[in-house]
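First comes the structure, then the notes that go with it.
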Amino acid sequence: PLVTKCVTTSTLLGLSDINCQFIRLKLDQSKGENINTSFMSGYWNPGHTGAMMLYGLFVSGPSQHMWLTRVVHNVIKERTWKATIKKVALDFSVGSLVMMPMFFLGINLIEGKSLEDATGKLQQEWPGVFKLSVRIWPAFQMLNFMFVPIPYQQLAINCTAFFWNSFLSYVQHYG
C-alpha cells in the first residue's frame, strides 16, 4: 500500500542520512581531527535527517509508488527479458532523469534554501551523480524488474537506495 511505501521510504532516507553523517564523522577522524565521538555531541545534524525523511514521505515515496505501479508496469506488462529491457530503458530515461534532479531541488527547498540556490546545487552536482547512476541503476533495475514480485520492487529499490541515498546526502550536504 501507498502509506507503507511512503513510511518505509521516509525511514530509509532518514537512516541513509544518519549513515552519511556517521561516514563523514569517520572520515574526519581519519584525517586526524579531534572529534567528540558521542553521536549526539552536536556532530549529527537532525535538520538534514528530517529533510531527507520529509522528502521520502511526501515526494520520493509517493512518486516511486505511482511511477512503478501506474506507469512502468502498465505501459509494459510482460515479464520477459525483452520487456524488462524496455522497462529499464523507460525507467532510466524518464524516471531517473526526473527523480534525481527532483531530489536536489526538493531537499534544498525543504531545507529552506532559495530556488536559485537549489538550481545551482543541481547544476553543480548533476553531471557526476548522473554518471555514477548510469553504472548502478540500470543493472539493478534489470534484476529487480525481472525477478522481484511487483509489490516488493519499491522495497528492493529502497534497500539498494540506502547506500545510494547515503551518497546523495553526502553530495548534498558536504559535496
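The length gained on full extension between D117 and I23, counted as 0.36 nm times the residue separation minus their Cα-Cα distance, comes to 31.3 nm.
Charges only on Cβ, +1 for Lys and Arg, -1 for Asp and Glu: so what's the dipole of region 25-175 about the Cα centre, in debye to the nearest 20?
Numbers: 12 positive and 8 negative charges, 134 e Å.
That gives region 25-175 a dipole magnitude of about 640 debye.
Taking all protein chains as they are arranged and a probe of 1.4 Å, the heavy atoms of F22 leave approximately 90 Å² accessible to solvent.
Carbon and sulfur atoms: what percent of the 1.4 Å accessible area of the chain do they account for?
68
Ranking of R79, R135, R24, R70 by solvent-accessible surface, largest first: R135, R70, R79, R24 (1.4 Å probe, protein heavy atoms only, all chains present). Using R0 = 41 Å, the C-beta based FRET efficiency linking F147 and E33 works out to 0.40.
Only protein heavy atoms count here; on that basis, with a 1.4 Å probe, L97 has an accessible area of about 70 Å².
May I ask for the net charge around A83, where only other residues with Cβ less than 15 Å from the Cβ of A83 are counted and Lys, Arg are +1 while Asp, Glu are -1? Walk me through the numbers on the way to the answer.
Numbers: positive: K77, R79, K82, K86, K87; negative: E78, D91.
Combined, the nearby Lys, Arg, Asp and Glu give +3.
When only Cα pairs below 8 angstrom with a gap of at least 6 residues are kept, region 93-175 shows a relative contact order of 23 percent.
Using a probe of 1.4 Å, the accessible surface attributed to F167 totals some 70 Å² when neighbouring protein chains are kept in position.
Given the -39500 (n - 2.57) contribution per DSSP H run of 4+ residues, what per-residue ellipticity at 222 nm results for the chain, rounded to the nearest 500 deg cm²/dmol?
-24000 deg cm²/dmol
Remind me, relative contact order of the chain in percent, using alpha carbon pairs under 8 angstrom and six or more residues apart? 35 percent.
Counting only complete DSSP H runs, which helices of the chain cover 27 Å or more along their long axis at the Cα atoms and score a mean Kyte-Doolittle of 0.0 or above? All intermediate terms of the calculation are to be shown ahead of the outcome.
Working: long enough: 2-30 (41 Å, 0.43); 115-147 (42 Å, 0.08); 153-174 (30 Å, 0.20).
Flagged H segments are 2-30, 115-147, 153-174.
Number of Lys-Lys pairs in region 45-175 with C-alpha atoms under 22 Å apart and a separation of 8 or more places or on different chains: 6.
In this structure the amide hydrogen of G175, modeled in the peptide plane, comes within under 5 Å of no amide hydrogen from residues 5 or more places off or on another chain.
The values are calculated or read from the model by the stated rules, or taken from the named source; none is laboratory data. Not measured: the values here are computed from a predicted model. Glycine gets a Cβ as well: all are built from the backbone with ideal geometry, and neighbour counts include every protein chain shown. The protein model used for the area step is the full one, side chains on, heavy atoms only, and it has no ligands, DNA or RNA in it. Shrake-Rupley method; radii C 1.70, N 1.55, O 1.52, S 1.80 Å.
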